[in-house]
Amino acid sequence: MTDPRRVLDIGTGTGLWALEFADEFPSATVLGVDLSPIQSQWTTPNCSFMVDDLEKEWAYPQNRRFDYIHQRSMSGSIGDWTAMYRHALDSLEPGGWLEIQEFEVWFYSQNPAGLPDDSAIAKWQKLIDEGSVALGRRLNYAAQFKHHLEEAGFVDIQTHVIKTPIGTWPKDRKLREIGAYLRLQMHDAVEAVTLGYLTRALGWSQEEVQVMLGNVRREFNDRRKHLYTYCWFITARNPEGFYVSGQ
């Protein structure tokens with residue numbers, strides 16, 4: 001789609017993607033939706049934000065439909081993905097597109113022996129997977145979205161899975177840069193990702209969590225581990241009729 005007019009960013013978070021998209025496409029109207037009001041007060045004239053629960057009936061389809069819906073990093077946030085994607089389908093113009101960008105929350109080592117079961121990261125990722133399942137919103141869920149899109153009624157579903165390094169171990173310059181950013185993201189995000197699952201679902205104390213996270217961060221910073229994960233890019237189309245953007 002080269003000329004999007006009405007764009008919805010679900011789970012917008014800080015709203016950065018919505019703001020950048022609105023700046024790149026000044027003729028588009030962009031709406032960012034999230035459960036938390038953490039978006040910037042300063043925005044472009046064609047971008048706005050709304051606090052809403054995506055698991056409830058969507059209010060916006062009654063007076064507007066979108067030709068593009070964007071989802072990024074929402075794993076672990078929805079209990080019934082098929083139901084939410086049905087809302088998304090109802091909110092799209094005939095022929096409109098939904099795009100998903102999600103990382104697997106599971107990590108691997110390119111070393112011949114792989115990631116040992118007794119490593120801090122291996123233990124940690126099993127625990128947060130167990131905790132997220134116990135809370136009814138599995139975090140490591142990127143591989144399941146295609147199935148829910150099919151159940152909701154989307155068509156032309158295309159999936160691209162990209163191996164993504166963590167850290168500066170790759171020889172390729174571009175991959176080293178990507179790996180450096182992702183390692184920094186993991187270093188900063190690991191506490192926020194972990195605390196709720198381990199304390200609320202598994203009964204850990206905050207002190208126990210902090211001790212474990214120190215070991216996890218050290219391993220994420222260890223270039224010798226050659227860590228990587230996978231990023232999923234998925235696109236899907238509303239099958240209703242034929243749609244030309246802007247008409």
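For residue 92, the residues 5 or more places off, or on other chains, whose built amide H falls under 5 Å of its own are 66. Can you say what percent of the DSSP beta bridges in region 53-238, counting only those with both residues inside, are antiparallel? Round to 5. Given both bridge residues lie in region 53-238, the antiparallel proportion sits at roughly 75 percent. In terms of its C-alpha gyration tensor, region 22-66 has an oblate overall shape, because the principal axis ratio a/c (a ≥ b ≥ c, square roots of the eigenvalues) is not below 1.5 and a/b does not outweigh b/c. Taking chymotrypsin sites (Phe, Trp or Tyr not before Pro) as exposed when DSSP calls them loop (any state but H, G, I, E, B) and at most 16 other Cβ atoms lie within 10 Å, what is the longest stretch of the chain free of them, the sites themselves excluded? Within the chain, the longest run free of exposed chymotrypsin sites (Phe, Trp or Tyr not before Pro) spans 43-241. For region 123-166, rounded, prolate or oblate, judged on the Cα gyration tensor with a ≥ b ≥ c (square roots of eigenvalues), a/c < 1.5 rounded, else prolate if a/b > b/c? Oblate shape, in that a/c is at least 1.5 and b/c is the bigger or equal ratio. Which value at 222 nm does the chain reach when only helices count, each DSSP H run of 4 or more adding -39,500 (n - 2.57), with the total divided by all residues and rounded to the nearest 500 deg cm²/dmol? Value at 222 nm, helices only: -10500 deg cm²/dmol.
Rounded to the nearest 10 degrees, the angle from helix 206-220 to the longest Cα principal axis of the chain is 90 degrees. Does region 71-152 classify as rounded, prolate or oblate by the C-alpha gyration tensor (a ≥ b ≥ c root eigenvalues; a/c under 1.5 gives rounded; else a/b over b/c gives prolate, otherwise oblate)? Prolate. Taking only the C-alpha atoms of region 120-216, Rg followed by Dmax gives 16.6, 48 Å. Rounded to whole Å, the principal axis extents of the Cα atoms in region 53-238 read 51, 42, 24, largest first. Rolling a 1.4 angstrom probe over the protein heavy atoms with all chains in place gives the chain an accessible area of 52 Å² per residue. The number of Lys pairs in the chain with C-alpha atoms less than 16 Å apart, excluding pairs fewer than 8 positions apart on the same chain, is 5. Expressed as a whole percent, the proportion of Cα-Cα pairs in region 4-97 lying more than 18 Å apart is 40%.
Surface composition of the chain: carbon plus sulfur atoms hold 51% of the accessible area, using a 1.4 angstrom probe and ignoring ligands, DNA and RNA.
The values are calculated or read from the model by the stated rules, or taken from the named source; none is laboratory data. Bear in mind the structure is a predicted one, so any value in this text is a computation, not a measurement. Note: ideal-geometry Cβ built from the backbone for every residue, glycine included; neighbour counts use all protein chains shown. In case anyone asks, the SASA skips ligands and DNA or RNA and just uses the protein heavy atoms, side chains included. Shrake-Rupley method; radii C 1.70, N 1.55, O 1.52, S 1.80 Å.
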